[in-house]
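Encoded as structure tokens, the structure appears first; notes follow it.
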Amino acid sequence: MIQAPQSTEAKNPSIVLDQAQLQTLLELISDGIWDWNANTGYVYRNRGWYSMLGYASHSLDNSVFTWESVIHPEDYPRVMAHFEAYVTGQTAQYRVEYRCRCQDGSYLWIEDSGHIIARNPDGSVARMLGAHRNIEASKRLLLQLEKHNHTLEAKIAERTRELSWVNEQLQRQLDENRDLAERDALTLIANRYRLEKVLLQECEWARRFRHPLSLVVMDIDDFKPVNDRYGHARGDAALIDVVERIKGCLGAGELLARWGGDEFVVVMPQAPLTQARALAERIGVAMQQALPVGETRLTLSIGIVQLAEGEAQAGLLARADQALYRAKAAGKQFISE
């Protein structure tokens with residue numbers, strides 16, 4: 001059935017292949033060969049093709065429909081599209097991998113390749129020769145590798161999620177630790193460390209952009225006797241109450257910090273002295289509503305300062321402390337500079 005193609009170069013009898021030699025050569029390089037006469041519809045398949053799929057030799061109809069009937073249904077549309085593209089000249093090569101149904105009902109992966117060796121005068125296919133090659137072993141290995149890679153990727157993804165979760169927990173813990181390091185343990189407002197850090201930054205911004213910056217410093221009057229007479233638990237509760245009342249008077253962007261035992265500071269970015277005085281008055285009103293501790297009514301002495309041109313952080317805090325001292329000396333009121 002299969003004939004050696006004629007060649008203008010095959011003039012030396014020693015290199016001309018007869019039909020038997022060509023058949024042997026094709027069988028050596030493939031597991032099954034086929035020869036399709038498109039004009040008659042006849043398809044020749046060698047014994048190797050039947051043996052590869054487990055069928056008795058030449059037990060199936062010699063037509064294209066036999067080929068189509070053994071293609072796996074899931075692969076059929078792809079194979080037909082590839083075959084049609086080749087025979088109509090849309091692609092230069094016909095080679096495709098798909099599954100063929102064996103005699104026992106199982107499917108075998110094969111590689112199908114073919115070449116048009118003759119066309120009719122109108123350009124249609126007259127004859128096409130091709131070969132099937134069993135690639136089941138390589139496909140199984142590839143599938144195993146893909147499965148292994150999928151499993152490995154899943155493990156890597158899981159491990160990545162775990163590490164991401166751990167990093168999130170570490171970052172959260174770091175943020176909490178940083179927050180705790182900058183908060184007063186009792187009142188939960190900013191501590192002195194946080195105050196100095198923020199004040200340094202605000203002083204720099206005020207100088208750079210020529211914005212006003214004011215401080216309101218406060219001290220609870222005669223607070224030590226409260227602790228001595230009523231105990232530190234009552235004293236701590238009083239401090240917390242004072243802090244809550246001050247916080248209720250603050251505006252957006254204003255920082256309340258505990259400067260010392262019963263001393264507090266409000267940092268007021270972009271606020272002139274008049275705005276700081278208004279805040280001090282609001283705080284004074286709020287303190288009038290505070291419940292007494294035993295027989296002692298809590299009051300605040302307040303000092304108010306605004307950053308002077310060329311003044312450093314230390315100088316601003318020193319003037320604030322002096323203003324607070326004068327406020328106490330003047331009878332527990334508020335003094336501004």
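Where a number appears in this text, it was derived from the coordinates with a stated rule and is not lab data. Fair warning: this is a prediction, and the values are worked out from it, not measured in the lab. So basically every Cβ, Gly included, is an ideal-geometry build from the backbone, and we count neighbours across all protein chains shown.
Expected output is a single nm value to one decimal: the length gained when fully extending between ARG140 and SER69, i.e. 0.36 nm times separation in residues minus the C-alpha distance. What is it? If you can, show how the numbers build up before the last one.
Values: separation 71, 0.36 × 71 = 25.56 nm, distance 2.33 nm.
Contour length minus Cα-Cα distance gives 23.2 nm.
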**Request:** Report the full-extension gain for the segment ASP222 to ARG282: residue separation times 0.36 nm, less the Cα-Cα distance, to one decimal in nm.
**Result:** 19.5 nm
**Item:** Label-point gap, in nm, between LYS155 and LYS328 - each point 7 angstrom along Cα→Cβ
**Value:** 6.8 nm
**Request:** Enter the Cα centre distance for the pair segment 49-77 and segment 254-323, rounded to the nearest angstrom.
**Result:** 94 Å
**Request:** Could you point to the label whose value was computed as Rg/Rh (Cα atoms, Kirkwood Rh) for the structure here, given [x] 1.03; [y] 1.62; [z] 0.97?
**Result:** [y]
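Taking 56 Å as R0, compute the FRET efficiency from the Cβ-Cβ separation of GLU295 and LEU200 and round it to 0.05. Could the numbers behind the result be given before it?
On the way: r = 42 Å, r/R0 = 0.75.
Working from the Cβ atoms, E equals 0.85.
Excluding same-chain pairs closer than 8 in sequence, count the lysine pairs in the chain whose Cα atoms lie under 22 Å apart. All intermediate terms of the calculation are to be shown ahead of the outcome.
Values: LYS139/LYS147; LYS147/LYS155; LYS197/LYS247; LYS224/LYS328; LYS224/LYS332; LYS247/LYS332.
Lysine pairs, 8 or more places apart or on different chains, close enough: 6.
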**Message:** If the only charges are +1 at each Lys and Arg Cβ and -1 at each Asp and Glu Cβ, what is the size of the charge dipole of the chain around the Cα centre, to the nearest 20 debye?
**Reply:** 580 debye
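Could you sort 50-60, 315-325 so that the peptide with the highest average Cβ count within 10 Å comes first and the rest follow in order?
Order by mean packing, descending: 315-325, 50-60.
Need one word for segment 138-181: rounded, prolate or oblate. Basis is the Cα gyration tensor (sqrt eigenvalues a ≥ b ≥ c); a/c below 1.5 gives rounded, then a/b vs b/c decides.
Numbers: a/c = 11.36, a/b = 9.90, b/c = 1.15.
Prolate shape, in that a/c is at least 1.5 and a/b is the bigger ratio.
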**Request:** Any chance you could give the angle, 0 to 90 degrees and rounded to 10, that helix 76-87 forms with the longest Cα principal axis of the chain?
**Result:** 60 degrees
**Message:** Once you keep just the Cα pairs under 8 angstrom separated by 6 or more residues, what percentage relative contact order results for the chain?
**Reply:** 12 percent
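Given a Förster distance of 41 Å, report the FRET efficiency between ARG178 and ALA233 from their Cβ-Cβ distance, rounded to the nearest 0.05.
On the way: r = 29 Å, r/R0 = 0.71.
About 0.90, to the nearest 0.05.
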**Prompt:** What ranking do 123-133, 304-314 get when scored by the average of other Cβ atoms within 10 Å per residue, highest first?
**Reply:** 123-133, 304-314
**Prompt:** Amide H to amide H under 5 Å from LEU300: which residues, 5+ apart in sequence or cross-chain, H placed 1.01 Å off N in plane?
**Reply:** ASP221
**Message:** If you fit an axis through the alpha-carbon atoms of helix 232-247 and take the longest principal axis of the Cα set of the chain, what angle between them do you get, 0 to 90°, nearest 10?
**Reply:** 70 degrees
**Prompt:** Roughly what angle does helix 192-209 make with the longest principal axis of the chain, taking Cα atoms, 0 to 90 degrees, to the nearest 10?
**Reply:** 80 degrees
